[in-house]
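What follows is one structure encoded as structure tokens, with my remarks underneath.
Bear in mind that the values in this text are calculations on the coordinates, not laboratory data. Please read all numbers here as calculations on a predicted model, not as lab measurements. A quick note on method: Cβ atoms are made from the backbone with ideal geometry, for glycine too, and the neighbour counts reach across all protein chains shown.
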Amino acid sequence: MGDQFTVEEINLMCIFDTSSRDALIAELIEAVPDFEEPELAEITETVLGKLSKMSGTDFAALELYPEYEEFDEKED
């Protein structure tokens, strides 16, 4: 199904409207000027590029759930 998304890209998408490809693209474009970290803006541009290449059907097949790193909690 084309380009795969990284964990960081999926997590970014999950904080926006993922009801449709077009809705997500619109929200990402609107948010870019507000990002203060260049890395976040760069990830967003990569996501936008990947989203623009996929169909709405392919987008609907994505499983967009945030992924969390597991941390070992050690008690001292």
Dmax and Rg, reported as Rg then Dmax, of segment 20-64 (C-alpha, Å): 11.0, 33
Kirkwood Rh, Cα atoms: Rg over Rh of the chain: 1.05
For peptides 12-23, 28-39, 50-61, sequence by mean Cβ density within 10 Å, most packed first: 12-23, 50-61, 28-39
Relative contact order (%) - the chain, alpha-carbon pairs under 8 angstrom, separation at least six: 46
Cα long-axis angle, helix 38-53 against the chain (0 to 90 degrees, to the nearest 10): 40
